[in-house]
1. Within segment 216-231, restricting attention to residues that are assigned to a loop (DSSP other than H, G, I, E, B) and touching a helix residue (DSSP H, G or I) at 6+ places or on another chain (Cβ under 7 Å), which residue is nearest to Phe201 (Cα to Cα)?
2. Give the residue that is nearest to the ligand (Cβ to nearest atom), with candidates limited to residues of segment 168-189 that are of a type in the set (S, T, N, Q) and farther than 25 Å from Met88 by Cα.
3. Mind checking which residues of segment 119-148 are touching a Pro at 6+ places or on another chain (Cβ under 9 Å) and in a loop (DSSP other than H, G, I, E, B)?
4. Taking segment 123-141 only, how many residues are of a type in the set (S, T, N, Q) and either within 10 Å of the ligand (Cβ to nearest atom) or touching a Gly at 6+ places or on another chain (Cβ under 8 Å) (or both)?
5. Does at least one position in segment 190-204 carry a residue that is surrounded by fewer than 17 Cβ atoms within 10 Å (Cβ to Cβ), within 16 Å of the ligand (Cβ to nearest atom) and in a helix (DSSP H, G or I)?
6. If you check Val181 against the conditions, is it assigned to a strand (DSSP E or B), touching a residue at least 40 places away in the same chain (Cβ under 8 Å) and under 30 Å from Asn235 (Cβ atoms)?
7. Considering only residues that are among the aromatic types (Phe, Trp, Tyr) and crowded, with 23+ Cβ neighbours inside 10 Å, look in segment 71-111 and name the one that is farthest from Phe220 (Cα to Cα).
8. Could you count how many residues in segment 243-264 are surrounded by 19 or more Cβ atoms within 10 Å (Cβ to Cβ) and part of a helix (DSSP H, G or I)?
Amino acid sequence: MSSPLPILFTALSYYLSVQTTLGDNNPGTTPNIQNIFIGRCYDYELVKYKTLLPPITETCENLWTKFSASFSYMAPCDVTMNHYDSYMLAASQKIPVNKTMFWSGVKELVHEYAANGQRYVTLEDTLIGYLAEGLVFCGQESAPGMNYSRCPSWWECPFEAGEAFWAHASQTFASAASGQVTVMLDGSSTGKPAYRQDSFFGKYELPYLKKGVVTNVRVFLVHALDAPMSETCLNGSLKLLEEDVVSRGFSFSCLDDPLAILHLLCVDEPADRECKLATDHVTSGGRLASHSFALTRQPLIISAKLDRFDGLPSRG
Ligand code: NFD
């Protein structure tokens, strides 16, 4: 009789490859999601964002009921954007003029810069985004209505509960924008272009900006320190973005590395070549009177400096 080991080995490799393909270490719905959601809601309305955006008239418990009803007791791949209609309607807020900030590929940096809505308002500073940020959620047809063991990956269903949620949230957020809107993009990514028509920004935000309400789209194109610039405002996907913006009736502007954002990058890397301050050695009261950046990014910094006169808001 031949050894069963090769068969076992083949079966095991097949099992492992299927597991990997299906992402079977996917987390399920976040444990205690109801408590987290309702706790965040009270924190948002009573403490953290008390005066930033208009308060919601709906109670936190009702918001949870509407949110959870959008996907619970449903197969995870059966949830569409429309299922969230009633929740989005109840939780949407007016965004102050000129304050909307979109982003792709720079999640951490954009939120550091936006400063919890004090400088700019991102989707994650609105109640809709704040309550769901970082949570995993999906439904199942049997009790308790949510699957706490495993939620599908985005690519396993045409539209999975989380994706349908963020698509609808992005649309709702973009529809509430007015005046100048800003989008922060990554100009150093080698894997994908800074602007993609199939990103959430390209698919669910830019197309939902209201003509006549939004005036212009301004891009902050950020480059990682001391890394090659894959794209600048003058080339690559930024040209496509300009076309898409202008064809929708908005004006377009783009800045490579606004100085304020470069400073923010330098907080973590003060010794980086691009963060070195050149001083003119004029001192005043024991402190350096003026600083300028070393020449390494001079052309970009010049454009950023011009923008500072163009009204980059300060915090608060
Ligand atoms: P990104 P983007 N399904 O950096 N937004 O333009 C789900 F559910 O490539 C905020 O696509 O930029 N999430 C959030 C996904 C999520 C998927 C989505 C997917 N198929 C959209 N692919 C948020 N807060 O999580 C990627 N992601 C997640 C709004 C992934 O976690 C914001 O207002 C990645 O970190 C922003 O203007 C994040 O989506 C724009 O859409 C962003 O992907 C950013 O979406």
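We did not get these values from a lab; they are worked out from the coordinates using the rules stated. This is a predicted model, so every value here is computed, not measured. As a convention, Cβ positions derive from the backbone with ideal geometry for all residues, glycine included, and neighbour counts pool all protein chains shown.
1. Residues of segment 216-231 assigned to a loop (DSSP other than H, G, I, E, B): 223-231.
With the extra rule that they be touching a helix residue (DSSP H, G or I) at 6+ places or on another chain (Cβ under 7 Å), the set shrinks to 225-226, 231.
Working: Leu225: 24, Asp226: 27, Glu231: 18 Å.
My answer is Glu231.
2. Our first condition is that a residue be of a type in the set (S, T, N, Q); within segment 168-189, this holds for 170-172, 175, 178, 180, 182, 188-189.
Filter once more, keeping what is farther than 25 Å from Met88 by Cα: 188-189.
Working: Ser188: 13, Ser189: 10 Å.
Filtering segment 168-189 for residues that are of a type in the set (S, T, N, Q) and farther than 25 Å from Met88 by Cα, the one nearest to the ligand (Cβ to nearest atom) comes out as Ser189.
3. Hits for segment 119-148 are Arg119, Tyr120, Val136, Cys138, Gln140, Asn147, Tyr148.
4. So in segment 123-141, the residues of a type in the set (S, T, N, Q) come out as 126, 140.
Those left that are additionally either within 10 Å of the ligand (Cβ to nearest atom) or touching a Gly at 6+ places or on another chain (Cβ under 8 Å) (or both): 126.
Summing the residues that are of a type in the set (S, T, N, Q) and either within 10 Å of the ligand (Cβ to nearest atom) or touching a Gly at 6+ places or on another chain (Cβ under 8 Å) (or both) in segment 123-141 gives 1.
5. Scanning segment 190-204 turns up at least one residue that is surrounded by fewer than 17 Cβ atoms within 10 Å (Cβ to Cβ), within 16 Å of the ligand (Cβ to nearest atom) and in a helix (DSSP H, G or I).
6. Details: assigned to a strand (DSSP E or B): yes; touching a residue at least 40 places away in the same chain (Cβ under 8 Å): yes; under 30 Å from Asn235 (Cβ atoms): yes.
Criteria met by Val181.
7. Phe71
8. Residues flagged as surrounded by 19 or more Cβ atoms within 10 Å (Cβ to Cβ) and part of a helix (DSSP H, G or I) within segment 243-264 amount to 4.
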